[in-house]
Amino acid sequence: MESILQEWQERIRQGKPLRIRGGGSKDFYGQALAGDVLETLPYRGIVTYEPTELVIAARCGTPLTEVEAVLAARGQMLAFEPPHFGAATIGGCVAAALSGPRRASAGAVRDFVLGVKLMDGAGRILNFGGQVMKNVAGYDVSRLLAGSLGTLGILLEVSLKVLPRPAAEATLALPAAQDAALALMNRWAGQPLPISATCWHDERLTVRLSGARAAVTSALAKLGGEVVDAGGKFWAELREQRQPFFAGETPLWRLSVPSTTSVVSLGAEPLIEWGGAQRWFRGALDAEVVRDVATRVGGHATLFRGGDKSVGVFQPQSPGLLALHQRLQRGFDPNGIFGRGRLLSAATTTSAADNGRSDHA
Amino acid sequence: MQRQHSHQQDQDFSDVDGSGLIAALSALLPAEALLTAVEDLKAYECDGLSAYRALPLAVALPENEAQVIGVLRTCYQRGVPVVARGAGTGLSGGALPHRHGVVLSLAKMKRILSLDPAARLAVVQPGVRNLAITEAAAPHGLYYAPDPSSQIACSIGGNIAENSGGVHCLKYGLTVHNVVRIRLVTIDGEVLEIGNHGLDAPGYDVLALLIGSEGLLGVVTEATVKLTPKPELAQVVMASFDDIEKAGDAVAAIIAAGIIPAGLEMMDKAATAAVEPFVKAGYDLNADAILLCESDGTPEEVAEEVAAMRAVLQQSGATEIRVSRDEAERVRFWAGRKAAFPAVGRISPDYYCMDGTIPRKRIAEMLKAIAAMEKKYGLRCANVFHAGDGNLHPLIMYDANIPGELERTEAFGAEILELSVKLGGTITGEHGVGFEKINAMCVQFASEELAAFHRIKSAFDAKGLLNPDKAVPTLHRCAEFGRMHVHAGQLSHPELPRF
Ligand SMILES: Cc1cc2nc3c(=O)[nH]c(=O)nc-3n(C[C@H](O)[C@H](O)[C@H](O)COP(=O)(O)OP(=O)(O)OC[C@H]3O[C@@H](n4cnc5c(N)ncnc54)[C@H](O)[C@@H]3O)c2cc1C
């Protein structure tokens, strides 16, 4: 294992741009890829797992399936329910920071990151955070690294908080128009109900309940609708975007908006998750229009999969925030070795918040 | 306990032009928003850690964001240190003034700007008290989950700066899990909107970076916090143990059984003895330790969980188990825990609260080590802590009027912190490094990590004007500290890696 790290340090020393790659399952995600591939797969293995501490630590190249299997054997799970989208590794999972159906109730990837061992752009090996639940010594660099898409360094090792799997789980579905479904999801979210996932599509609202047996049973009775027997399959397919809505090559847009945002119209009907906070759209949509809509409601839009990335995959930052991002990036990667531009796009349409527009670069 | 803070300062600000500064500030603030008289400044000379005191040149009390920007720009141009301050309840000297600087108090910005029950969000100014948010949300069946024991007084700005926790954080998360958006004014007066009212934002998670950054990166002028539905029912199980080790093991057993209690707290005999006469919570004074273990949810859910908790506690050797019969009793059980600090303050002239966090399984080991340290330093120590997340609060009791006691207390505290790091934990779980633990940071972090922190700092505040000498030590300071530490012969754990 040591020799792998030395080899990586040597490659960093050579100074050529590198693209960190785990299983390649998120190659589709982010701005265009650049640099020579640095494979993390050989650097693998679970470092520690202590069920009573609710913590697992693993090297970046460890397959996500392996982590999940080890946890499942002890009745625990990664509560943010990350999608795999292929042969995902735990390092890529944290670097991409994509969360699944449980996100709205349990939290996102960053909420569970406790510590990170990083190799930065100067080949330095740095330890941040650790294995304990609470830690405010120094800045919270571990959480900053979640979602950094390999642009700040190689996440050599991550430690994550894990949770017990719920004792019981059930799925129900009911017919609902989009506006009614949005209202219901928000109303329910304001009540002490064990809702762990929601999905609206095709005039149908599907809800998952998780928790103590008694809580699930009483919520089922309270919420009504019909019980879906193949609930497990439904959520697994949603998590991996294997439902028909996600099929085909048409560009897939993701809007992240306040959950109470009313119906957003962008041509085709969306698929809605996270209690209304995550809305998926298909179609060759005009990026400018999508971004304007997202900005107006206080959210942001991502060209998640497919389409023409030259319009910018991510919603551009305000100039002040972009400059801060660049300064942070330089701090970790002074020579710009890692994944240049995969996260911070060169395209700078300006968001409405800046009261102005600048030209596309 | 008192001591003018005479510790070494990392950056020299002695050339700050005090009268020029005050003239510039009075041009942009109303008279009542600027304090410069020594008797007025006195009220700001320390935070909740009163062992360290200093008088600033001035205290600015802006009433709005424009004034905050004005103060920061002025200080930026003149190279003047700025220490943000909320309610001043911090326990690590984070809001300790800089004697060549300005204290920027956010206390006047205390309005709840909006509360949206449907979206379960509240937009608040930084000076809003933690409990005020929960009170405003209560009519909607909602509350703000992080509940530090200081919640009647502490401000949300301070909570953000410290990533504060409370007894319910095991299940509902810390401040970082409950704040979704911040408006930040940087030292040069620029306003940054970080986060939003959705569930994520593009780019780096700057929001997470800012939470817990102890006022070193910018000044929070507004925040949006998440509101949580109030559970239908909550009940607390109180278990007595005749052995502290068994209590520690019971904590791990509960988690191992797949239970995440809404709160899981421990108090040792010294703590219950201090609290009981004061609060009359009904604690078992014969027990070596008691555990408070809360369940919340629907009535059915609570019944199921309480039964499970009871079984585990019994198996772990609890000598007595009581379950709160009604809300009044539940509140009473917690009242003792929440009043532990002031209660210890009543039985001892002074106390010093530590905040190390360790893996749960090391709790018993740590408590035994602390007992040995009590003998070594000749000082008593009461232990209350967030057992569920391994966050200890040893309260070292001393009398500052007895020569040498404060010094012995500091050495005692430092030894606890070093042991926390050695046991795989951290020197601070929720109170922050502040001024107090700046040297202990040298024990926890190697110079490479510290250098990385400094690069982050300079991405926000290249001149190092925001809260200097706090939170992240200079490499120079750590080198000095390392030398002194060894010379004094106090290095308790020579096996610790050093640099
Ligand atoms: C009796 C008692 C019990 C306590 N119990 C707990 C507990 O259970 N859990 C817990 O976590 N803490 C606890 N604390 C510690 C303290 O209450 C918290 O750290 C709290 O968050 C501090 O808030 P404050 O408004 O008093 O901040 P202050 O003490 O005024 O400031 C704390 C830090 O925040 C910075 N700051 C303040 N406002 C801003 C702003 N607007 N922008 C940028 N930086 C800012 C300051 O510069 C300083 O570094 C307790 C304290 C006491 C005295």
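For the criterion of being over 30 Å from residue B:312 (Cα atoms), of a type in the set (Ser, Thr, Tyr) and open to solvent by 10 Å² or more (accessible area, probe 1.4 Å), residue A:49 fails. Starting from residues that are part of a loop (DSSP other than H, G, I, E, B) and over 23 Å from residue B:373 (Cβ atoms), keep the ones in region B:436-461 and report whichever is farthest from the other protein chains (Cβ to nearest Cβ). Only one residue tops the list, namely B:461.
Restricting to region B:277-295, and then to whatever is open to solvent by less than 30 Å² (accessible area, probe 1.4 Å) and within 25 Å of the chain's Cα centre (by Cα), can you tell me which residue is nearest to the other protein chains (Cβ to nearest Cβ)? Among residues in region B:277-295 that are open to solvent by less than 30 Å² (accessible area, probe 1.4 Å) and within 25 Å of the chain's Cα centre (by Cα), the one nearest to the other protein chains (Cβ to nearest Cβ) is B:295. Looking at region B:476-487, can you tell me whether even one residue there is of a type in the set (D, E, K, R), modelled with pLDDT under 95 and open to solvent by 40 Å² or more (accessible area, probe 1.4 Å)? Yes, region B:476-487 contains a residue that is of a type in the set (D, E, K, R), modelled with pLDDT under 95 and open to solvent by 40 Å² or more (accessible area, probe 1.4 Å). Across region A:112-131, the qualifying residues are those that are open to solvent by 10 Å² or more (accessible area, probe 1.4 Å) and without any contact (Cβ under 8 Å) to a residue 40 or more places away in the chain, and the one among them that is farthest from the other protein chains (Cβ to nearest Cβ) is A:129. Looking at region A:11-20, which of the residues that are touching a residue at least 24 places away in the same chain (Cβ under 8 Å) and at negative phi is surrounded by the most Cβ atoms within 10 Å (Cβ to Cβ)? Among those residues, the one meeting the criterion is A:20. Scanning region A:110-132 for residues that are polar (S, T, N, Q) and modelled with pLDDT under 95 returns a single hit, A:131. Within region A:30-53, the set of residues being within 16 Å of residue A:163 (Cα to Cα) and modelled with pLDDT of 95 or more comprises A:48, A:49. Within region A:132-159, the residues that satisfy the criterion of being open to solvent by less than 10 Å² (accessible area, probe 1.4 Å) and assigned to a helix (DSSP H, G or I) are A:141, A:142, A:144, A:145. Applying the criterion of at least 3 residues that are away from chain A (no Cβ under 12 Å) and within 14 Å of the ligand (Cβ to nearest atom) to the strands (runs of 3 or more DSSP E) found wholly in region B:153-258 leaves B:219-226. The set of residues from region B:259-300 being without any contact (Cβ under 8 Å) to a residue 60 or more places away in the chain, assigned to a helix (DSSP H, G or I) and under 30 Å from residue A:165 (Cα atoms) comprises just one member, B:300. Residues in region B:439-463 that are farther than 23 Å from residue A:125 by Cα and open to solvent by less than 10 Å² (accessible area, probe 1.4 Å): B:461 only. Considering A:87, A:69, A:57, the condition of being of a type outside the set (S, T, N, Q) and in a helix (DSSP H, G or I) is satisfied by A:69 alone. Would you mind telling me which numbered condition in (1) surrounded by 23 or more Cβ atoms within 10 Å (Cβ to Cβ); (2) under 25 Å from residue B:173 (Cβ atoms) residue A:72 fails? That leaves (1) as the condition not met.
Being over 29 Å from residue B:256 (Cα atoms) and within 13 Å of the ligand (Cβ to nearest atom) holds for only one residue in B:341, B:385, and it is B:341. Starting from region B:82-96, keep only residues that are assigned by TED's automatic domain parsing to the domain that holds residue B:59 and touching a residue at least 60 places away in the same chain (Cβ under 8 Å), then list their pairs with residues that are within 6 Å of the ligand (Cβ to nearest atom) and of a type in the set (Val, Ile, Thr) whose Cβ atoms are within a distance under 8 Å, requiring at least 6 positions of separation or different chains. Cβ pairs passing all conditions: B:82/B:219; B:84/B:219; B:84/B:220; B:95/B:83; B:96/B:83. Looking across region A:193-215, the residues that are of a type outside the set (A, V, I, L, M) and surrounded by 19 or more Cβ atoms within 10 Å (Cβ to Cβ) come down to A:194, A:196, A:198, A:199, A:200, A:201, A:206, A:208, A:210, A:211.
Take the residues in region A:160-181 that are crowded, with 24+ Cβ neighbours inside 10 Å and closer than 19 Å to residue A:272 by Cβ; name whichever of them is farthest from the other protein chains (Cβ to nearest Cβ). Top of the filtered list is A:171. Looking across region A:323-336, the residues that are facing another protein chain (nearest Cβ under 7 Å) and farther than 21 Å from residue A:295 by Cβ come down to A:327, A:328, A:331. Taken together, A:276, A:320 contain a single residue that is small (Gly, Ala, Ser), facing chain B (nearest Cβ under 9 Å) and either open to solvent by less than 20 Å² (accessible area, probe 1.4 Å) or out of contact with any Ser or Thr (no Cβ under 9 Å at 6 or more places or on another chain) (or both), which is A:320.
I'd like the full set of residues that are within 13 Å of chain B (Cβ to nearest Cβ) and closer than 16 Å to residue A:116 by Cβ, limited to region A:24-55. Within region A:24-55, A:47, A:48, A:55 meet the criteria.
The values are calculated or read from the model by the stated rules, or taken from the named source; none is laboratory data. Note that the structure is a prediction, hence the values are computed from the model and not measured. Every residue, glycine among them, receives a Cβ derived from its backbone with ideal geometry; neighbour counts consider all protein chains shown. Note: areas computed on protein heavy atoms with side chains; ligands, DNA, RNA excluded. Shrake-Rupley method; radii C 1.70, N 1.55, O 1.52, S 1.80 Å.
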